[in-house]
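Read through the structure below, which is laid out as structure tokens, and then see the notes.
Here, each number is a calculation from the coordinates, and none is a lab measurement. Just so it is clear, the model here is predicted, and its values are computed rather than measured. Note that each Cβ is placed from the backbone with ideal geometry, even for glycine, and that neighbours are counted across all protein chains shown.
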Amino acid sequence: MSVSAISPDLRQSVARRAGHCCEYVRLPQASQVAAFPVDHVTPRSGGGETELANLALACPQCNALKWIHTVAVDPESGEEVELFNPEFSGSSAESVGKNGLIGGDEVRFLEA
């Protein structure tokens, strides 16, 4: 196993912490056919570690859209903004997107 590989125990810890939901948009994994991948919030290529604090359970769409990005351009303001970090942003009102989903604005930014 490589140094950056996610062990089954660590993967399970991430899933438990996330309540088995995508940590970006709160989509339940139970309602999906495919297993959710574990995302490095700060990508390994950017120095991110393979540790619980830097991992997030992500639905396939969020994982694909986020890819290695940690910032995106807000399509309304044109400003570069940091993407939602589920570990550090928590689930406070400030981190809930306009569509009512945690991280929802980030998905919109990445789709723009």
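What full-extension length gain, to one decimal in nm, is calculated for residue 61 and residue 80 as 0.36 nm per residue of separation minus the Cα-Cα distance? Spell out each step's value before the answer.
Details: separation 19, 0.36 × 19 = 6.84 nm, distance 2.14 nm.
Computed gain between residue 61 and residue 80 is 4.7 nm.
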Quiz item: In what sequence do 39, 74 fall when counting other Cβ within 10 Å, fewest first?
Solution: 74, 39
